[in-house]
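Asker: Mind looking over this structure? Questions follow.
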């Protein structure tokens, strides 16, 4: 008797031209730049997406994206190339500055976390606000957006491993997290007191629709603009300038410097800008 053999279906192969074409589509839709050094990763990702879409050739898959700009597959395509590297209280000095800022800023307060990923940054902002505002439940709102719908689903759930929440100050843990038991042992969930402060929503930074002018007191856009070209960076900064209130703060990533791109902001401290 012949032994049973299980073989995985082969992943469609992406040619060099397919990778270039995918990079152009991603740039036009989301502003994200795929470096040529990432071609192996791009080729494998395209093959997997093609396979999941039930097609045999990457060219066919890309044809569908170009032919159907409203296709639901666009969301999965963008999600596949989105990097979701984040952590609670990453770059702690930003939250020290935010705490001092919100403690003296007139209410109401509106804060935008514009690349929220899986939620750690948005919840870090919410904890900071609660710890530094005398009445954080009155007149404080946090909008947390991202282009990756899968990451936002995780953010809304607010469930993390105990290892992920280690950067949270120990005294804050019982105030803001519930430890899992039984099947949830080793996990922690953000308490409603934080979740109700944050509104999560999908948003494309290079899209046509933006919030109203003078909407926000502070904006976080950290370690995101490095994936855009200089033209899109300048355009996004101009749009940030239009929606942030005078004297409001813009927090960017540790490797990002935009002083040479705009005069609407002046450098306040390490990777923190204030709206003129």
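The values are calculated or read from the model by the stated rules, or taken from the named source; none is laboratory data. Remember, it's a predicted structure, so these values are computed and weren't measured experimentally. Glycine also receives a Cβ, built like all others from the backbone with ideal geometry; neighbour counts cover every protein chain displayed.
Asker: Name the residues in the range 253-271 that are under 13 Å from residue 237 (Cα atoms) and in contact with a strand residue (DSSP E or B) (Cβ under 9 Å, 6 or more places away or on another chain), would you?
Answerer: 256, 257, 258, 259, 262, 264, 265, 266
Asker: May I ask you to verify whether residue 176 is buried (at least 16 other Cβ atoms within 10 Å of the Cβ) and under 20 Å from residue 109 (Cβ atoms)?
Answerer: yes
Asker: Here are some residues: 156, 164. Which one is within 18 Å of the chain's Cα centre (by Cα), in contact (Cβ under 8 Å) with a residue 12 or more places away in the chain, part of a loop (DSSP other than H, G, I, E, B) and closer than 23 Å to residue 84 by Cβ?
Answerer: Step by step, each of 156, 164 is checked, and only 164 is within 18 Å of the chain's Cα centre (by Cα), in contact (Cβ under 8 Å) with a residue 12 or more places away in the chain, part of a loop (DSSP other than H, G, I, E, B) and closer than 23 Å to residue 84 by Cβ.
Asker: Filter the range 116-135 for residues that are touching a residue at least 40 places away in the same chain (Cβ under 8 Å) and within 20 Å of residue 244 (Cα to Cα); which is farthest from the chain's Cα centre (by Cα)?
Answerer: In this case the residue turns out to be 129.
Asker: So, in the range 186-201, how many residues would count as being farther than 16 Å from residue 168 by Cβ and surrounded by 15 or more Cβ atoms within 10 Å (Cβ to Cβ)?
Answerer: 1
Asker: List every residue pair whose Cβ atoms sit under 8 Å apart, with the two residues 6 or more apart in sequence or on different chains, where the first one lies in the range 81-98 and is on the phi > 0 side of the Ramachandran plot and surrounded by 15 or more Cβ atoms within 10 Å (Cβ to Cβ) and the second, anywhere, is modelled with pLDDT of 95 or more and part of a loop (DSSP other than H, G, I, E, B).
Answerer: From the range 81-98, the pairs are 89/167; 89/168; 91/222.
Asker: May I pose another question? Inside the range 202-217, can you point out the residues that are in a strand (DSSP E or B) and surrounded by fewer than 19 Cβ atoms within 10 Å (Cβ to Cβ)?
Answerer: 202
Asker: Further question: Of all residues being modelled with pLDDT of 90 or more and part of a loop (DSSP other than H, G, I, E, B) in the range 218-261, which is surrounded by the fewest Cβ atoms within 10 Å (Cβ to Cβ)? Just the residue, please.
Answerer: If we take residues in the range 218-261 being modelled with pLDDT of 90 or more and part of a loop (DSSP other than H, G, I, E, B), then 229 is surrounded by the fewest Cβ atoms within 10 Å (Cβ to Cβ).
Asker: Of all residues in the range 173-201, which are outside any loop (DSSP other than H, G, I, E, B) and in contact with a helix residue (DSSP H, G or I) (Cβ under 6 Å, 6 or more places away or on another chain)?
Answerer: Result: 176, 190, 194, 198, 200.
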